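Everything below concerns the one structure shown next.
The values are calculated or read from the model by the stated rules, or taken from the named source; none is laboratory data. Note that the coordinates shown come from a computational prediction; the quantities given were computed from them, not determined experimentally. Cβ coordinates were reconstructed from backbone atoms using ideal geometry, including for glycine residues, and neighbour counts include every protein chain displayed. In case anyone asks, the SASA skips ligands and DNA or RNA and just uses the protein heavy atoms, side chains included. Shrake-Rupley method; radii C 1.70, N 1.55, O 1.52, S 1.80 Å.
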Amino acid sequence: PMMQHYLQTKEEYKDCILFYRLGDFYEMFFEDAELVSKELELTLTGKNCGMEERAPMCGVPYHSAEQYISKLIAKGYKVAVCEQMEDPKLCKGLVSRDIVRIISPGTIMETSMLREGESNYLGAVMLRGKAGGCAFADVSTGEVCAASFETDAAMHIQNEISRFRPRECVLAPEAMLSRDIRDTLEKRLGSRVE
């Protein structure tokens with residue numbers, strides 16, 4: 001039942017590395033375990049979980065999880081934290097768990113995960129023909145800036161992207177089709193584009 005819950009939760013958060021709380025550790029299984037063990041140089045083990053083969057697994061102590069999450073975020077990954085919602089000592093059967101936070105490069109609020117002296121913008125871009133707009137928010141400071149352009153929007157938006165340098169950016173469908181905007185984000189800035 002625990003592994004079934006893990007797989008259901010992972011299905012809901014496919015684009016995230018799932019940190020799944022088991023006692024004093026956050027565990028990762030299958031592809032997440034293989035990825036995290038390689039990216040963070042952790043030991044990859046296995047767990048018998050009622051399947052034909054042992055599930056690849058790796059974990060980190062819950063009290064030091066922030067430093068591991070910080071390293072993954074710095075590499076551009078998103079992390080979903082699945083926490084135990086009740087005390088395992090006080091409940092019978094499967095401990096209730098739920099996602100309590102999704103952390104991505106543009107949504108960091110912890111000072112320890114931020115780059116000192118740099119803003120940490122999350123961007124949004126929309127295009128419609130030659131018009132469009134963009135917005136940038138730093139959730140750690142509350143700063144928000146937005147602009148709209150009636151003509152030559154793609155060029156103006158590229159300039160704004162270069163100025164704000166977002167760590168992560170969400171693009172509306174037409175903006176996603178703009179190779180110039182995607183290249184500015186991905187190649188010049190190394191931002192994650194969704």
Task: DSSP-assigned coil residues among trypsin sites (Lys or Arg not before Pro) in region 1-69, each with at most 16 further Cβ atoms within 10 Å - done: Lys14, Arg54
TODO: Compute the acute angle (0 to 90°) between the alpha-carbon long axis of helix 65-74 and the principal axis of greatest extent of the alpha-carbon atoms of the chain; round to the nearest 10°.
DONE: 30 degrees
TODO: Count neighbours as other Cβ atoms within 10 Å of each site's Cβ, and list the GluC sites (Glu not before Pro) in region 1-86 that are DSSP loop with at most 14 such neighbours.
DONE: Glu41, Glu52, Glu53, Glu86
Task: Computed [θ] at 222 nm, deg cm²/dmol, the chain (DSSP H ≥ 4; -39,500 (n - 2.57); rounded to nearest 500) - done: -7500 deg cm²/dmol
Open item on the list: Taking 25 °C and 0.890 mPa s as the conditions, I'd like the Stokes-Einstein D for region 1-90 in µm²/s, using the Kirkwood hydrodynamic radius from alpha carbon pairs.
Closed with: 183 µm²/s
Open item on the list: Give me the Å³ per residue figure for the convex hull around the C-alpha atoms of region 59-112.
Closed with: 98 Å³
Task: Cleavage-rule hits (trypsin sites (Lys or Arg not before Pro)) in region 57-89: DSSP loop, at most 16 neighbouring Cβ within 10 angstrom - done: Lys75, Lys89
- [ ] Please provide three numbers in whole Å: the alpha-carbon extents of the chain along the principal axes, with the largest listed first.
- [x] 61, 35, 31
Open item on the list: If you fit an axis through the alpha-carbon atoms of helix 153-164 and take the longest principal axis of the Cα set of the chain, what angle between them do you get, 0 to 90°, nearest 10?
Closed with: 60 degrees
- [ ] May I ask you to give the percent of accessible area on the chain that is carbon plus sulfur, with a probe radius of 1.4 Å?
- [x] 50 percent
- [ ] With just the Cα atoms of region 103-161, tell me how far they stretch along each of the three principal axes, in Å, largest first.
- [x] 41, 20, 15
Open item on the list: How tilted is helix 30-40 with respect to the longest principal axis of the chain? Cα atoms for both, answer in degrees (0 to 90, nearest 10).
Closed with: 70 degrees
TODO: Could you work out the local net charge near Lys14, counting Lys and Arg as +1, Asp and Glu as -1, over the other residues with Cβ closer than 12 Å to its Cβ?
DONE: -3
- [ ] Excluding residues on the same chain fewer than 8 positions from Lys78, give the lysines whose Cα lies under 28 Å from its Cα.
- [x] Lys10, Lys14, Lys38, Lys47, Lys187
